[in-house]
């Protein structure tokens, strides 16, 4: 590690050749964003493994994602989630995870294959690439001060981890109470008014654009019209089935946002700097700068989000819409 750092210092000083030289490119300064980070996605909706999902989205420019595997947890429990985490460790893709908070998601209303209690959640939170507690869907339980829900949130906060929210329609005192527990984001706004209201209240707002919900065309025009500062917002997919991925991923959402009037720089921030800041990854990814991970997307057109080549960890992994080398299937 010391030798690597010394080599990086010498390259920065011009005393040693860099591994790669890019000529004739313009750097997109989102302060400065380069990789596309999907900040909330359920990989199960794609009917793919993490490896399969990575192979589908890398040519589109998505080099990182934060997965909430609560459907896998509902069926296969802790072992299933650990399997996903282990599968993703050697991929040319930055796979991060949130620990499912509500397994089973509807006690008494469904037959679940497993249950994740506070001890199982804590075990997941000790993993390096598990960033926090996934969406706390049981918001009625929060408002009732249900010990089953609150103990998981308390453990996550005590361990210094994030808590994602899930609170459709909550406003006023109910939203204040939900936020008081520790939730810091929401991706369930039902319309633009609710999304902007939650931004004003201090929540990070995830604007969904996937196969289950498409909110970009609702939120972005209203945010542009009002001149809303979107530095605490991000675009996520949430759920994406294979038929949707055929037509694009975050690149598709970016094209739509730009077409609806958002400046390209501000649009790119929604999938680069903003999510990396929220997830506390901004000292590692989300920027093109000395000392950051060499993950980047080379574009033919900024406005059309036309991806040319994709680099992860200093190596090109995709070009012209295809993987340069297929990702081998994983097994356990």
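The values are calculated or read from the model by the stated rules, or taken from the named source; none is laboratory data. Values in this document were obtained by computation on a predicted structure and should not be read as measured data. All Cβ positions, glycine included, derive from the backbone under ideal geometry; neighbour counts span all protein chains shown.
Kindly provide the set of residues from the stretch 289-326 that are closer than 25 Å to residue 97 by Cβ, at pLDDT below 90 and in a loop (DSSP other than H, G, I, E, B), ordered by number.
291, 292, 293, 294, 295, 313, 314
Starting from residues that are in a loop (DSSP other than H, G, I, E, B) and either under 24 Å from residue 125 (Cβ atoms) or in contact with a strand residue (DSSP E or B) (Cβ under 8 Å, 6 or more places away or on another chain) (or both), keep the ones in the stretch 29-73 and report whichever is modelled with the lowest pLDDT.
34
Of the numbered conditions (1) modelled with pLDDT of 95 or more; (2) crowded, with 20+ Cβ neighbours inside 10 Å; (3) out of contact with any helix residue (DSSP H, G or I) (no Cβ under 6 Å at 6 or more places or on another chain), residue 102 fails exactly one; give the number of that condition.
(1)
Could you list, in sequence order, the residues of the stretch 292-314 that are loosely packed, with under 14 Cβ neighbours inside 10 Å and in contact (Cβ under 8 Å) with a residue 40 or more places away in the chain?
Within the stretch 292-314, 303, 313, 314 meet the criteria.
Restricting attention to the stretch 166-194, and to residues there that are closer than 17 Å to residue 144 by Cβ and under 17 Å from the mean Cα position of the chain (by Cα), which single residue is surrounded by the fewest Cβ atoms within 10 Å (Cβ to Cβ)?
Here the residue is 166.
Those residues that are farther than 19 Å from residue 195 by Cα, in a loop (DSSP other than H, G, I, E, B) and in contact (Cβ under 8 Å) with a residue 60 or more places away in the chain, I need them from the stretch 216-274; list them, please.
Hits for the stretch 216-274 are 240, 241, 248, 249, 272.
Only one of 226, 243, 252 is within 23 Å of residue 43 (Cα to Cα) and modelled with pLDDT of 95 or more; which? Give the derivation first.
Working: 226 fails: within 23 Å of residue 43 (Cα to Cα); 243 fails: modelled with pLDDT of 95 or more.
Going through 226, 243, 252 in turn, the sole match is 252.
Given the criterion surrounded by 14 or more Cβ atoms within 10 Å (Cβ to Cβ) and over 21 Å from the mean Cα position of the chain (by Cα), identify the matching residue among 163, 153, 224, 219.
Criteria check complete, one pass: 224.
Considering only helices (runs of 4 or more DSSP H) fully contained in the stretch 107-214, which possess at least 1 residues that are modelled with pLDDT under 95 and touching a helix residue (DSSP H, G or I) at 6+ places or on another chain (Cβ under 8 Å)?
Counting at least 1 such residues, we get 139-143, 147-158, 172-181.
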